[in-house]
Amino acid sequence: MPTLWKSIVVVGLCAAMCSCSDPQTSEPATESPEAAMRRRAMLAALADNVYVPTYGSFAQHTAALVSATDGLDEDASGLAAAQQAWRDAAIVWQRAELMSIGPAGASEFNVAGAGDRRAEIYSWPQVNRCRVDQELVEKSYEDLATLAAEPINVRGLDALEYLLFRTDGGNDCAANSAINRDGAWAQLGDDEVARRRRAYAHAAATLLASEASDLHSAWLNGFRDELAGAGDTSTIYPTTQAALNEVSNALFYLDTDTKDMKLARPLGLSDCDSAACPESLESPWSQASASHVTANVEGTLLVWSGADGDGFDDLLVEAGAGELAADIRARLETARDVCAQVGTLESDLAADPPTTGPGRACYDAIKNYTDLFKTQFLGVLDLEPPDRADGDND
Amino acid sequence: MTERAQIHPASLVAFRVLFGLVLLASTVRFWANGWIERFYLEPTYHFTYWGFGWVQPLPAWGMYAAFAALAGLAVCITVGFCYRAAVAAFLVGFTYVELIDVAMYLNHYYLVSLLCLLMLFLPLHRTGSVDAWLRPSLRRATAPSWALWLLRAQVGVVYVFAGLAKLGEDWLLHAQPLNLWLSSRVDVPVVGPYLDAWPVAAAMSWGGFLFDTTIVLWLLWRPTRPYAFAVLLGFHVVVGWLFPIGMFPVIMVVAATVFLAPDWPLRLRDALRRRPSAPAHAAPLSIAGWPKAAVVALVVLLAVQVAMPLRAHLLYDGDVLWHEQGMRWAWRVMVREKNGAVLYRVTLPDGREQHVSPTRYLTRHQEREMTGQPDLILALAHHIHDDYAGRGITPVQVRVDALSSLNGRAPAHLIDPNIDLCTVNDGLGPARWVMPRPQTPPARLGRQGDLWSAAF
């Protein structure tokens with residue numbers, strides 16, 4: 001055989017061997033290269049020190065919320081305790097918002113191994129308080145199975161906030177909506193509305209606790225090992241890079257949701273036709289919008305630092321990008337501290353103009369971090385932004 | 001034409017068939033991956049090329065019909081049926097699709113259009129084709145050597161300028177962006193454990209540079225040709241294996257077959273049948289017997305192809321990887337990793353400032369491409385201005401916070417954040433509104449030291 005064809009055959013065989021072990025399409029690699037093991041160790045540490053404890057804590061807090069709302073319909077004296085239980089659970093969940101991978105991830109955003117469980121816990125920004133009022137009139141909360149079949153925005157954390165914190169006898173529906181037009185709401189009276197809200201809250205808390213427990217179990221019984229086994233035993237993540245990219249994708253929440261929606265909109269910086277848009281606040285009834293923003297930053301810090309265990313910062317330091325790791329951490333800690341100074345966004349919006357107050361400082365501090373995250377961080381670890389179509393490149 | 005200017009047609013026929021199959025596979029792949037929807041139908045705004053703003057996507061049925069037609073035309077090219085009409089229609093259709101959105105620009109798509117343009121004038125259908133079978137008067141036992149040399153010139157230009165594009169400090173001194181990319185591929189079987197070593201990236205950077213700049217010479221020199229083609233095959237397999245560049249390696253391998261002996265398909269057949277081959281036919285370089293039109297075509301082709309990459313250095317100061325003037329149509333293949341964060345600041349008539357995220361207008365893919373390319377950032381600024389004007393909010397000023405990280409550097413402003421981009425028009429002159437590239441060196445990741453100690 002001439003030299004040309006001998007050479008081509010040899011290279012072709014090598015090519016065939018290579019293509020048979022394409023990391024994107026084949027069975028997980030059985031190799032355990034040192035750097036990949038190091039990344040798997042970091043992912044395992046993240047699961048053990050951040051994700052599982054956070055979901056475990058949320059499950060505990062939602063169980064406490066169930067207890068706090070138990071019997072509340074007959075005895076309103078425990079309302080303040082129930083409100084506090086909601087605040088405690090919501091803060092943990094706001095940290096978990098930065099962890100929407102696997103079971104909590106959304107299939108509509110092409111999250112690998114998506115379980116869509118986030119959508120069963122918190123529906124923001126798809127809130128619909130009028131719908132909650134309608135369910136209250138219909139008393140659908142009296143049967144848990146019926147309530148569970150309703151959309152999440154009548155039984156999740158946001159619905160619970162409305163039920164526990166709204167104390168007047170009004171509703172959120174337009175005057176021409178059915179419950180107002182036919183007088184069904186007016187017939188209830190303030191006391192009955194309050195009693196039903198408390199009863200409804202207990203039913204919703206019960207469903208929420210069940211979802212929280214299921215989410216925690218999903219991590220303990222399988223997904224933790226999927227993440228820790230990325231590129232090795234995992235059937236979801238063919239490479240450690242794919243798993244890191246999913247973890248990184250979830251961190252975009254601070255940019256797209258926290259900064260652009262929770263802050264920019266109410267502060268009148270975007271999608272707002274007036275000087276401020278308080279109707280865009282995330283948690284207006286509990287006045288917890290600002291503390292939720294801070295909790296989002298804390299959640300980012302948790303994932304970033306691995307709860308001071310093994311996290312992205314350690315990975316960067318070992319790769320030789322220690323300066324970047326320190327810079328990101330400093331910006332995140334600054335953002336956390338600045339946002340913690342806000343108090344409530346409601347009072348901030350009352351300032352004139354609102355774009356110069358502590359809320360704006362919080363927005364700027366978060367942007368200072370997200371700018372670095374979306375540029376140098378993604379570049380150094382060769383990560384892609386979320387939901388980018390898998391087009392070609394060259 | 002002299003007999004000396006004639007060659008065996010097998011190589012050209014093989015190129016037509018293989019290239020047609022690549023076009024077919026690319027078109028089908030686009031459809032199968034859902035990219036027609038994602039890249040052409042989902043976006044509500046498209047970045048258009050200067051002078052081609054009138055090129056817009058068809059409705060959904062039209063785009064799918066266009067791709068179905070392209071697939072059919074690729075089959076016609078492959079089998080040589082209505083060859084010239086098929087090539088012409090494919091060229092128009094494919095170029096139309098590429099002109100819809102600048103965010104979809106890829107060097108190898110540009111190469112496909114150029115090769116189709118050349119094929120339009122090359123007699124690649126006079127043997128081994130349905131056309132020749134149906135029309136005996138078309139048949140020729142030989143092909144003009146200029147046809148092969150025009151293809152060689154085009155493919156050669158791609159390799160040489162892809163190599164020269166690597167002639168910079170980031171690639172040769174800092175091994176970037178290969179160091180960044182390889183460090184993230186530590187899961188790759190067998191070689192993965194070595195890919196996070198910086199010296200490995202440095203060795204591969206130099207290897208890539210030397211390969212691209214010299215491979216054409218080794219392919220043209222008969223004694224080294226077999227080894228060079230084997231190296232070329234291995235190079236593209238490895239690159240295609242390591243990086244998500246789709247059909248690019250396949251296109252380049254198919255294109256590189258034009259450097260083989262004109263009768264290589266027959267020799268391959270003989271080798272597979274274990275029959276001795278006759279001495280290889282050569283493709284004489286002498287242009288003595290070429291028609292004047294072919295000579296002119298070769299000269300124009302080379303002049304344009306040389307001028308396009310050089311414009312970045314002749315017309316513009318600074319680093320083309322940063323300001324991107326002269327980046328397209330210049331074979332600057334895989335030479336930069338750029339990540340950006342862009343936020344538009346719109347000053348309303350009442351003096352209030354609004355922040356506009358690109359995601360309001362762009363898909364994630366478009367945004368990813370836009371954040372590193374100043375002319376696209378400018379185009380979206382103008383679109384935002386027009387959008388506000390369309391809603392009766394006028395006059396507005398549009399500024400941008402466009403931070404960009406090139407090859408792992410700390411992010412810096414890509415565009416002057418104080419300039420109202422509504423007052424800036426894109427053009428061929430140097431873009432003074434683009435900030436200078438930061439002088440800091442790019443990132444350096446992974447294990448250091450010499451190649452041996454780092455790798456082992």
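Look at the alpha carbon pairs under 8 Å that are at least 6 residues apart: their mean separation over the length of chain A gives a relative contact order of 20 percent. Each of B:Ala60, B:Thr78, B:Tyr110 was scored by the projection of its Cα onto the charge dipole of region B:9-137, and the greatest displacement toward the positive side belongs to B:Thr78; charges sit on the C-beta of Lys, Arg, Asp and Glu. Of the residues A:Leu345, A:Val193, A:Ala175, the one whose Cα sits farthest toward the positive end of the charge dipole of chain A, with +1 on the Cβ of Lys and Arg and -1 on the Cβ of Asp and Glu, is A:Leu345. B:Trp329 contributes about 80 Å² of solvent-accessible surface, heavy atoms of the protein only, 1.4 Å probe.
If you wrap the tightest convex hull around every Cα atom of region B:73-204 and split its volume per residue, you get 169 Å³.
The residues neighbouring B:Asn107, those whose beta-carbon lies less than 13 Å from its own, together hold a net charge of -1 under the Lys/Arg +1, Asp/Glu -1 convention. Note on chain A: Cα-only Rg and Dmax are 24.2, 96 Å.
Relative to one another, the C-alpha centroids of region A:51-95 and region A:266-283 are positioned 29 Å apart. Heavy atoms of chains B and A lose about 5200 Å² of accessible surface on contact, summed over both sides with a 1.4 Å probe.
If you add up the charges near B:Val13, with Lys and Arg at +1 and Asp and Glu at -1, over every other residue whose beta carbon is less than 13 angstrom from its beta carbon, what do you get? Summing Lys and Arg as +1 and Asp and Glu as -1 gives +3. Around the Cα centre of the protein assembly as shown, unit charges on the Cβ atoms of Lys, Arg, Asp and Glu (plus for the first two, minus for the last two) sum to a dipole of about 5480 debye.
For region A:32-236, the solvent-accessible area of protein heavy atoms averages 39 Å² per residue (probe radius 1.4 Å; ligands and nucleic acids excluded). Cross-link pairs exceeding 21 Å between alpha carbons, from the set A:Lys139/A:Lys262; A:Lys259/A:Lys374; A:Lys374/B:Lys166: A:Lys139/A:Lys262; A:Lys374/B:Lys166. Between region A:116-179 and region B:135-196, the C-alpha centres lie 59 angstrom from each other. The helix-based estimate of mean residue ellipticity at 222 nm for chain A, built from -39,500 (n - 2.57) per DSSP H run of four or more residues and divided by its residue count, is -17000 deg cm²/dmol to the nearest 500.
For region A:88-153, a/c is not less than 1.5, where a ≥ b ≥ c are the root eigenvalues of the C-alpha gyration tensor, and a/b tops b/c. That puts it in the prolate class.
Note on chain A: GNM, Cα springs under 10 Å; of A:Gly183, A:Gly105, A:Gly169, the largest mean-square fluctuation is that of A:Gly183.
Simple point charges give the picture: +1 on the Cβ of Lys and Arg, -1 on the Cβ of Asp and Glu, and for chain A a dipole about the Cα centre of about 160 debye. Measuring nothing but how far apart in sequence close Cα pairs (under 8 Å, 6+ apart) lie, relative to its length, chain B scores a relative contact order of 19 percent.
Across the protein assembly as shown, Cα-Cα distances exceeding 43 Å account for 40% of all pairs.
In chain B, one over the average inverse separation of all distinct C-alpha pairs is 24.3 Å, which is the Kirkwood hydrodynamic radius. Comparing A:Asp143, A:Asp73, A:Asp364 in a Gaussian network model of chain A, where Cα atoms under 10 Å apart are tied by springs, the biggest mean-square fluctuation is seen for A:Asp143. In a reduced charge model with +1 at each Lys and Arg Cβ and -1 at each Asp and Glu Cβ, region A:252-385 shows a dipole moment near 300 debye about its Cα centre. For chain A, set up a GNM with springs between Cα atoms under 10 Å and report which of A:Ser210, A:Ser177, A:Ser123 has the largest fluctuation. Result: A:Ser177 has the largest fluctuation of those listed. Measuring between their Cα centroids, region B:299-341 and region B:353-389 lie 23 Å from each other. When you restrict to C-alpha pairs under 8 Å that are six or more residues apart and normalise by the size of region A:71-220, the relative contact order lands at 27 percent. Neighbours of A:Pro278 by Cβ distance under 12 Å: Lys/Arg scored +1, Asp/Glu scored -1, total -3. For chain B, leaving out every one of the trypsin sites (Lys or Arg not before Pro) that falls in a DSSP loop and has at most 16 other Cβ atoms within 10 Å, the longest unbroken run is B:1-138. Projected onto planes of every orientation and averaged, the convex hull of the alpha-carbon atoms in region B:9-137 covers 8.2 nm².
Ranking B:Val400, B:Gln373, B:Val424 by Cα position along the charge dipole of region B:313-448, where only Lys, Arg, Asp and Glu carry charges on their C-beta atoms, puts B:Gln373 farthest toward the positive end.
The values are calculated or read from the model by the stated rules, or taken from the named source; none is laboratory data. All values reported here derive from a predicted model rather than from experimental measurement. Note that each Cβ is placed from the backbone with ideal geometry, even for glycine, and that neighbours are counted across all protein chains shown. Remember, those area values only see protein heavy atoms, side chains included, never the ligands or the DNA or RNA. Shrake-Rupley method; radii C 1.70, N 1.55, O 1.52, S 1.80 Å.
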